[in-house]
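Asker: If you scroll down you'll find the structure; I have some questions about it.
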Amino acid sequence: MEQKTLSVHLCGGCEISSSIDLEALAQIPEGAECSTHPCLCNDEGVGSLKSAIKSGANALVIAACSPRYKTDEFTFDKCFVERVNLRELVAWSHEPNDEDTQMMAEDYLRMGLVRARKAELPEPFDIPIDKTILVVGAGTTGIEAATQAARAGYEVILVEKNSDAGGWRRKFSRVFPDKPPYGQLTETNLSEQIAEIEQEERITLYTSSVVAGISGQPGQFDVDIRTNGDVNRVRVGAIVQATGWEPYDANKLTHLGYTDSADVVTNVEMEEMLAENELKRPSDGKPIKTVVFVQCAGSRDKEHLPYCSTVCCRVTMKQALRARELHPDLQAVVLYKDIRTPGQYEDLYRKAQDDGGILFTKGDVQSVKNGTDGSLSVDVRDTLLGEQIRLDADLVVLATGMVPVSADGEANRRYQDAQAVIEGGSTGAKLVAAQKTVAELEPYVSESILNLDYRQGRDTPVLKHRFPDSHFICFPFESRRTGIYNAGAMRAPGDTASSRSDGAGAALKAIQTVELAAQGKAVHPRWEDMSYPDFFFQRCTQCKRCTEECPFGVLDEDEKGTPQLNPTRCRRCGICLGACPERVISFKDYSIDIVSSMIKSVEIPDEFDEKPRLLGFICENDAYPALDTAGLKRLKHSPYIRFIPVRCLGSVNIVWIADAFSRGFDGVLLVGCKSGDDYQCHFIKGSELMGTRSDNVREKLTQLALEEERVRIEELSITEYDRLPEIINSFAEEIEEIGMNPFKGF
Amino acid sequence: MSEATAIQPDLEFAQEIVDSGGEDVRKCFQCATCSVVCALSPEERPFPRKEMIWTQWGLKDRLFSDPDIWLCHNCNDCSVHCPRGAHPGDVLAILRKLAVAHYSVPGFLAGWVNRPAMLPLMALIPGLLLALAVILRDPIASTFGLATHHGEGMQYANLFPHWLLIGFFSFFLGLAVLLAGVGAIRFWRAMKNADRTADRIESTNSLGSSFITVVKDILTHQRFSKCTSLAGRRLAHLTAFYGFLALFLVSGWAVIVLYVINPLAETPLPYPFPFLDPAKLFANVGALALVVGCVIAIRDRLKDRSETGRSTDFDWMFLWLLFFVGITGILTEALRFAQAQTPGYIIYFIHLILAFMLLIYLPYSKFAHLVYRTVALVYAEHSGRGIDNRSEQPAQ
Ligand code: SF4
Ligand code: SF4
Ligand code: SF4
Ligand code: SF4
């Protein structure tokens, strides 16, 4: 470790000097230079920091505003900077010139000093990075992703399992437009787009090909592409999965007569019929007078697809309009639950409504049965006509929804593991558990698509309804495998326009990944972070907690079970650090030791002062910004708490909690992002993991004869800043009620 | 609701409605805003959304046997608030027009009466009939010993003796009433039938009391007063209505004076009534009211469609006719006082043609609303649907 020369700078601006006695505060740093400046962020202030560096300082402690502000001013090359948040956390949220406020400022400064002494400047890893982008699936999305990546100057490998690129649109004779006028059906224009990918030198298209295997990490993925039995190995840097969708299996829609009559078809089959430019009754070739479209066939239905695929209404409008173009005498009746034509597609709806041969009407289709003289009879309930009605039809089109072409990597892996247990001849409880797992997962297993050689499974994890697990709004396109991005209808059901914008978006994400990896930097959300986990393997007991708990499948295992780091897969969340019971894992600027030392640096008043001390671990992603906002709004909170920002609630190692209590803290508050189905945790499982670990913590507390209420976990979204003071204060009150930690002073 | 009703959309009939001026019906996406804002619509099975759906489906029988299209007073509130521009108020107006044609006998006359191109022919018929009456006047008079001379100077009775005029109009009016009655009965039966099929006849009020309730409402224009978007329409209707009523009553009085009172009285009442005779005054005020009502209505209908709804030939022909009947009537009287014989006789002749067109074509023109709306209101009241069961209903 390089010798540290500290230089401490206190800022008096932004009401700090009117609330905190800076002269007294300047006494805290011992053995380091300490100066005060009325406004550190102006040219003169920054100048003073620069001159401190010039005269030999290699670590600055800047006690001023929140580390989330003035980052440009307070970043210096090759110099560690520790920001002590005097402004939002102390001056703006506490009584000015109060004894407790002063003590708080002192403690924050002490913690900053410790961290500045112990932490090191991260050094980026340096491995060769290949910047080629692999796009899996050459449908609408894949073609767009490939085209965009190539236009941006990147080599692209495009893999398509069918013999031609183009995907579903190959089957469509008309599409609804993806630009104005939205009421006008258009040709697919697919050939132009295919011509572009064929002519583009940077794009290599593999048709009739699948991905047989992927190993490695971003910048270093080795991909086996199997084309008719031949396997080609290529190296790529990042991957866009654009495997698209398939129609929901209409055979399951028995009540809608799909299995009973050839004249009941899906919208995909209707598409094929329309491509022939002539409609005939499939059963007997007779002309068609009435077509009934059944919307939401199996969609928004708990028994089938609970979600809305967003396109079926528009597809039906398109098909009805096209059918009327081909046969002006034909009548189309559209039976819908709700018409959903997002955005400008209202124009398409109006256009279809304006057509005298198309009737839109609300109703719940009960059944489709064979009627007399070869026609079908459709029973409809809950119509606005106020009664149950029966309609005759020559053709019934079921508007079935879209199912993502994805594979549930985690389920597949658990299924295979359980299978292995059964085949391995286990007996007793183990066998029963394995059999149960197999039975439970049966409906979710499928063939792998990406064939990732990852310890956590061969495909990216999925969330509800087999759509990939990535936060829809906050982190679009991201999967839980760094460098692998989901796009198009496999990410969320959508139309051509949304698929294309997805393709472009995912391509950009892929490009970011390879570019940042080449600089040794993390991707979103710890964008630009250069630290990465270090393993002190001598102490590793191969317990596999880190490899199991890493949400991003970063860690593989060798035969003995020792974790193997793939640094470019890592998002630097620190969850492995929080998981490891042996304190094996650390980052240069974030480790068990650094945080423990910070905890120990806080002055604990003795029992008789009646000044309790609370420790807060607060997640940097949403909760800490909320705390800043609370300060900005001048919301006051208890002066007894000391916050330590953490990378993720999941990165809190329970050793720290133990340290806090043995140091004499009276309570520990953990504030992180929301967990659950609609999680907001930036590292997906962090706050959830903390919930599980806290069970161990409670056990530990009981062992120490401490009340379990002394540890509290709270989940917060970034907008709930106003709840924070209330959370802190109520916790402080509760702790005061419970009383002081008996370990104080030991 | 156990058995499903077999139903097939009749998009051709829907097209007919579209072609008659209800083209916006297709825009309706069945949100029911219209039924909510309509101050006249009952809580149960409210209109006009129901009618919008039926129209989209082309359910002719339901539409024509629906009293609700006549419960609407075309105030336009619904069209103003419809988020889709489907103009439900206009659609109902078109439906009423088609319903008149549907029920009237012979049906083709509705097509003739309401088409501007047919106007010359439709005027020619009464013109010829009246001319024929004049030609036959003297032969008839001499055969039956009736008077043809009614005094010196300019006397309209010298052109059309009272017996001729009254006989002529009574005959045709009787015919018109008969034909309108047939239409009304067909309509009544259709409504009853539809309700019976749907199993919902309640018959809470006796026919007599229902009729009285409706007449009261007509006299007060109570329902009409709930319309907020087009308050002027009520005023116009009220004025023209009472004007017409006054004229109608005075005409009746004249017949009574001429054929009941005067033959019995020792000193016959003077006829034509002198200018200051209360009956004459009443008639003159009525004629003025009729013309003023028409002027308000015409001005109102000339405004933008978004305010007043669409006006079709069906509306215009009736309105102008009414207006010119009033104008020619006033002119006729004025010319009599001026003793201008030739123009007087010409105008009088025209006035009679117009009056014929107004009264005798009633079963086919917009004037038929007098019959159908009354019948529908009575039916609604009689069948328990009620004509006034939404007391407080702001239109916003
Ligand atoms: S848990 Fe987080 S920090 Fe650890 S290896 Fe996984 S991604 Fe990286
Ligand atoms: S959690 Fe720690 S001890 Fe367990 S395998 Fe990972 S590094 Fe080794
Ligand atoms: S007519 Fe207009 S207001 Fe009435 S249901 Fe249709 S769209 Fe709604
Ligand atoms: S025009 Fe007026 S009365 Fe007629 S349905 Fe519309 S709101 Fe009701």
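Asker: Bin width 5 Å, origin at 0, all Cα-Cα pairs of the range B:250-326: what percent of pairs per bin?
Answerer: Whole-percent P(r) values from 0 Å outward: 3, 13, 17, 16, 12, 10, 9, 8, 6, 4, 2, 1, 0.
Asker: Taking the 0 to 90 degree range and rounding to the nearest ten, how far is the long axis of helix B:341-360 tilted relative to the main principal axis of chain B, both from C-alpha atoms?
Answerer: 30 degrees
Asker: Shifting gears a bit: Pairs B:27/B:97; A:351/B:303; B:97/B:192: which exceed 23 Å Cα-Cα? Display every interim value, and only then the final one.
Answerer: Values: B:27/B:97 21 Å; A:351/B:303 29 Å; B:97/B:192 21 Å.
Where the Cα-Cα span goes over 23 Å, the pairs concerned are A:351/B:303.
Asker: How large is ³J(HN,Hα), in whole Hz, for each residue of the range A:259-269 in order, when computed from phi with the Karplus curve 6.51 cos²θ - 1.76 cosθ + 1.60 and θ = phi - 60°, using x for Gly and Pro?
Answerer: Karplus values, whole Hz, x for Gly and Pro: 7, 9, 9, 5, 8, 9, 10, 8, 5, 5, 5.
Asker: Helix-only mean residue ellipticity at 222 nm, chain A, DSSP H runs n ≥ 4 weighted -39,500 (n - 2.57), per residue, nearest 500. What is it?
Answerer: Taken over chain A, the calculation gives -9000 deg cm²/dmol.
Asker: Another question, if that's okay. What do you get for Rg/Rh over the range B:178-290 if you use C-alpha atoms and the Kirkwood form of Rh?
Answerer: Taking Rg over the Kirkwood Rh, I get 1.13.
Asker: In a solvent-free Debye calculation with one equal scatterer on each Cα, what is log10 I(q)/I(0) for the range A:647-703 at q = 0.14 Å⁻¹, listed in the order of the q values?
Answerer: Calculated log10 I(q)/I(0) at the listed q: -0.39.
Asker: How compact and how long is the range B:185-249, expressed as Rg and Dmax of its alpha-carbon atoms in Å?
Answerer: For the range B:185-249, the Cα radius of gyration and maximum Cα-Cα distance read 16.0, 44 Å.
Asker: Once the other residues with Cβ under 13 Å from the Cβ of residue A:39 are scored (Lys, Arg +1; Asp, Glu -1), what is the net sum?
Answerer: Values: positive: A:70, A:87; negative: A:15, A:43, A:44, A:73.
After counting each charged neighbour, the total is -2.
Asker: While we're here: I need the phi-derived Karplus couplings for the range B:204-213: 6.51 cos²θ - 1.76 cosθ + 1.60, θ = phi - 60°, integer Hz, Gly and Pro marked x.
Answerer: Taking θ as phi minus 60°, the curve returns 7, 10, 5, 4, x, 5, 4, 4, 5, 4 Hz for the range B:204-213.
Asker: Turning to a different aspect of this structure: With the cut-off at 21 Å, report for the range A:590-746 the share of all Cα pairs above it, as a whole percent.
Answerer: 43 percent
Asker: Now for a separate question. Which percent of the Cα-Cα distances in the range A:1-121 go past 24 Å?
Answerer: Looking at the range A:1-121, the distances longer than 24 Å represent 18 percent of pairs.
Asker: Nearest 5 is fine: what % of DSSP beta bridges in the range A:301-416 come out antiparallel, could you say?
Answerer: Percent antiparallel among DSSP bridges in the range A:301-416 is about 70.
Asker: A further question on this structure: Given points 7 Å out from each Cα along the Cα-Cβ axis, report the residue A:325 to residue B:186 separation in nanometres with one decimal.
Answerer: 4.4 nm
Asker: Expressed as a fraction of 2.2 N^0.38 Å, the rule-of-thumb size for a compact globular protein of N residues, what is the C-alpha radius of gyration of the range A:122-274?
Answerer: Cα-based Rg divided by the globular estimate yields 1.29.
Asker: Then there is this: For a quick check of your reading of the filter: which trypsin sites (Lys or Arg not before Pro) in the range B:95-147 sit in a DSSP loop and have no more than 10 other Cβ atoms within 10 Å?
Answerer: none
Asker: Under the √(5λ) rule applied to the eigenvalues of the Cα gyration tensor, what semi-axes describe the equivalent ellipsoid of the range A:567-623? Give them in Å, descending.
Answerer: Computed over the range A:567-623, the values are 30, 14, 9 Å.
Asker: Given charges of +1 on the Cβ of Lys and Arg and -1 on the Cβ of Asp and Glu, with all other atoms neutral, how large is the dipole of the range A:1-121 about its Cα centre, in debye to the nearest 20? Intermediate results must be reported in sequence, preceding the final value.
Answerer: Details: 12 positive and 20 negative charges, 130 e Å.
Dipole about the Cα centre, nearest 20: 620 debye.
Asker: Also: Along the principal axes of its C-alpha atoms, what lengths does the range B:258-396 span, in descending order and rounded to whole Å?
Answerer: 58, 38, 28
Asker: Same structure again: Sum up the charges of everything whose Cβ sits under 11 Å from the Cβ of residue B:98, counting Lys and Arg as +1 and Asp and Glu as -1, but leave residue B:98 out.
Answerer: For residues surrounding residue B:98, the net value is +1.
Asker: Right, next: Of all GluC sites (Glu not before Pro) in the range A:431-533, which ones are in loop regions per DSSP and have a Cβ with at most 16 other Cβ atoms within 10 Å?
Answerer: A:447, A:528
Asker: If every alpha-carbon in the range B:11-103 counts as one equal scatterer, what log10 I(q)/I(0) does Debye give at q = 0.24 1/Å?
Answerer: Once normalised to I(0) and log-transformed, intensities are -1.27.
Asker: If I take all pairs of Cα atoms in the range A:190-311, what percentage of them are more than 18 Å from each other?
Answerer: Taking all Cα-Cα pairs of the range A:190-311, the fraction more than 18 Å apart is 70 percent.
Asker: Give me D for the range A:339-497 in µm² s⁻¹, whole number, from Stokes-Einstein with Rh from the Kirkwood sum over alpha-carbon pairs, 4 °C and 1.567 mPa s.
Answerer: Rounded to a whole number, D works out at 64 µm²/s.
Asker: Then there's this: What do you get for chymotrypsin sites (Phe, Trp or Tyr not before Pro) in the range A:451-548 restricted to DSSP loop and a cutoff of at most 15 other Cβ within 10 Å of the site's Cβ? Could the numbers behind the result be given before it?
Answerer: On the way: sites: A:454, A:472, A:477, A:485, A:527, A:535, A:536, A:537; in loops: A:454, A:472, A:477, A:527, A:536.
Sites meeting the loop and neighbour criteria: A:472, A:527, A:536.
Asker: Give the span of the range A:406-561's Cα atoms along each principal axis, as three whole-Å numbers ordered largest to smallest.
Answerer: Per principal axis, max minus min of the Cα coordinates gives 53, 45, 22 Å.
Asker: Shifting gears a bit: Could you give the size of the charge dipole of chain A about its Cα centre, using +1 on the Cβ of each K and R and -1 on the Cβ of each D and E, expressed in debye and rounded to the nearest 20?
Answerer: 1060 debye
Asker: Right, something else. Give the Rg/Rh ratio for the range A:669-746, taking Rg as the radius of gyration of the Cα atoms and Rh as the Kirkwood radius, to two decimals.
Answerer: Taking Rg over the Kirkwood Rh, I get 1.03.
Asker: Here is a further query. Taking Cα atoms, how many degrees apart are the long axis of helix A:592-601 and the longest axis of chain A, rounded to 10 and kept between 0 and 90?
Answerer: 50 degrees
Asker: A follow-up question, please. Assuming 0.692 mPa s and 37 °C, estimate D for the range B:1-58 with Stokes-Einstein, Rh taken as the Kirkwood radius over Cα pairs, in µm²/s. Please list the in-between numbers first.
Answerer: Details: Rh = 12.6 Å.
The estimated diffusion coefficient comes to 261 µm²/s.
Asker: Taking the alpha carbon gyration tensor of chain B, what are the square roots of 5 times its eigenvalues, largest first, to the nearest whole Å?
Answerer: Three semi-axes, in Å: 42, 21, 21.
Asker: On to the next question. Taking just the alpha carbons, could you work out the radius of gyration and Dmax for the range A:250-404, both in angstroms?
Answerer: Gyration radius and largest Cα-Cα distance of the range A:250-404: 14.3, 42 Å.
Asker: Would you mind telling me the antiparallel percentage of the DSSP bridges in the protein assembly as shown, rounded to 5?
Answerer: Roughly 35 percent of the DSSP beta bridges within the protein assembly as shown come out antiparallel.
Asker: Continuing with this model, one more query. Would you please report the Å³ per residue occupied by the convex hull of the alpha carbon atoms in the range B:147-200?
Answerer: 73 Å³
Asker: Follow-up question, since we're still on this one. Per the Kirkwood treatment, what hydrodynamic radius in Å, one decimal, follows for the protein assembly as shown from the mean inverse distance over all distinct Cα pairs? Numbers along the way, then the final one.
Answerer: Working: mean 1/r = 0.0267 Å⁻¹.
Result for the protein assembly as shown, one decimal place: 37.5 Å.
Asker: Going by a 4.7 Å Cβ-Cβ cut-off, which cysteines of chain B have no partner at all?
Answerer: B:28, B:31, B:38, B:72, B:82, B:294
Asker: Here is a follow-up. Just to check I understand the Karplus step: with θ = phi - 60° and J = 6.51 cos²θ - 1.76 cosθ + 1.60, what whole-Hz values come out for the range A:59-73, glycine and proline as x?
Answerer: 9, 9, 10, 10, 9, 8, 8, 4, x, 7, 10, 6, 5, 5, 5
A short reminder: the numbers here are calculations on the coordinates, not readings from a lab. Treat the numbers as computed from the prediction; the structure is a model and nothing was measured. Virtual Cβ from ideal backbone geometry, glycine too; neighbours counted across all protein chains shown.
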